[in-house]
Amino acid sequence: KLKDREVRCLVLGLDNSGKSTVVDWALSTHKNKPRQPVTPTVGFQIHTLPYQGHNIQIWDIGGQSTLRPYWDNYFDKTDVLLWIIDIAAAARVGESVSELEVILQNRDRLGYSCRIIVLLNKKDLVNKPTEAIDAMKRRLDEILKLENIPIEIKATDALSGDGLEELLPSIIGHNK
Ligand code: GDP
């Protein structure tokens with residue numbers, strides 16, 4: 001029964017981080033939907049994606065700051081939080097990490113069984129990707145160690161799909 005194997009994945013991050021592009025990649029790769037020109041997310045969209053006997057529900061609720069107060073409403077029953085950071089937007093990385101920190105500090109809202117996957121997206125736009133990615137991983141590790149939260153971090157280029165290969169297995173929890 002697919003319903004028993006429903007995985008609710010909430011996609012969050014600042015505006016322009018690449019949320020819609022990641023969702024579009026997942027849908028086009030695994031549902032054979034043609035890729036569409038992506039417009040910034042307004043409001044929210046729910047997509048269902050059958051994958052390896054699971055039914056992934058992708059909740060794409062938009063990252064504009066005006067919508068942030070509403071994020072809380074979606075945390076209930078979330079199985080996976082997919083947090084997307086634009087690592088090429090140096091000026092906004094701090095803001096993104098702080099937002100994630102706030103969410104993780106309200107862990108009771110999110111639910112303790114919720115898994116967290118962080119994408120360091122737009123790695124193709126970074127000059128020294130390896131260094132930038134390592135620095136971000138260290139920074140996230142510090143925050144997450146405090147909260148004692150297991151997290152998976154992937155460096156991605158959502159336009160080419162590079163780094164996203166193992167995303168759906170991770171979402172359904174079959175990554176290792
Ligand atoms: P959202 O507001 O978080 O949904 O962000 P979008 O998915 O709309 O992406 C914002 C812009 O960044 C769009 O022009 C995308 O084509 C672009 N973009 C998204 N991911 C990547 C990436 O990994 N690399 C590059 N170079 N551009 C990306």
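The values are calculated or read from the model by the stated rules, or taken from the named source; none is laboratory data. Because the structure is predicted, anything quoted here is derived from the model rather than measured. FYI the Cβ positions are ideal-geometry reconstructions off the backbone, even for glycines, and counts take in every protein chain you see. We work out accessible area using only protein heavy atoms, side chains counted, and drop any ligands, DNA or RNA first. Shrake-Rupley method; radii C 1.70, N 1.55, O 1.52, S 1.80 Å.
None of GLU165, GLU142, GLU152 is within 16 Å of the ligand (Cβ to nearest atom) and acidic (Asp, Glu) except GLU165.
Among residues of region 148-176 being in contact with a strand residue (DSSP E or B) (Cβ under 7 Å, 6 or more places away or on another chain) and within 22 Å of ALA90 (Cβ to Cβ), the one that is surrounded by the most Cβ atoms within 10 Å (Cβ to Cβ) is ALA158. Which one of these does ASP79 not meet: (1) open to solvent by 40 Å² or more (accessible area, probe 1.4 Å); (2) in contact with a Ser or Thr (Cβ under 7 Å, 6 or more places away or on another chain); (3) away from the ligand (no atom under 16 Å from the Cβ)? Status for ASP79: all satisfied but (2). Within region 33-55, restricting attention to residues that are under 18 Å from GLY18 (Cβ atoms), touching a Ser or Thr at 6+ places or on another chain (Cβ under 9 Å) and open to solvent by less than 80 Å² (accessible area, probe 1.4 Å), the residue that is modelled with the highest pLDDT is VAL38.
Every condition in (1) closer than 24 Å to ASN16 by Cβ; (2) open to solvent by 90 Å² or more (accessible area, probe 1.4 Å) is met by LYS145 except one, and the failing one is (1). Here ILE58, ILE103, ILE87 are screened, and the one residue that is surrounded by 14 or more Cβ atoms within 10 Å (Cβ to Cβ), in contact with a Ser or Thr (Cβ under 8 Å, 6 or more places away or on another chain) and either of a type in the set (A, V, I, L, M, F, W, C) or modelled with pLDDT under 90 (or both) is ILE58.
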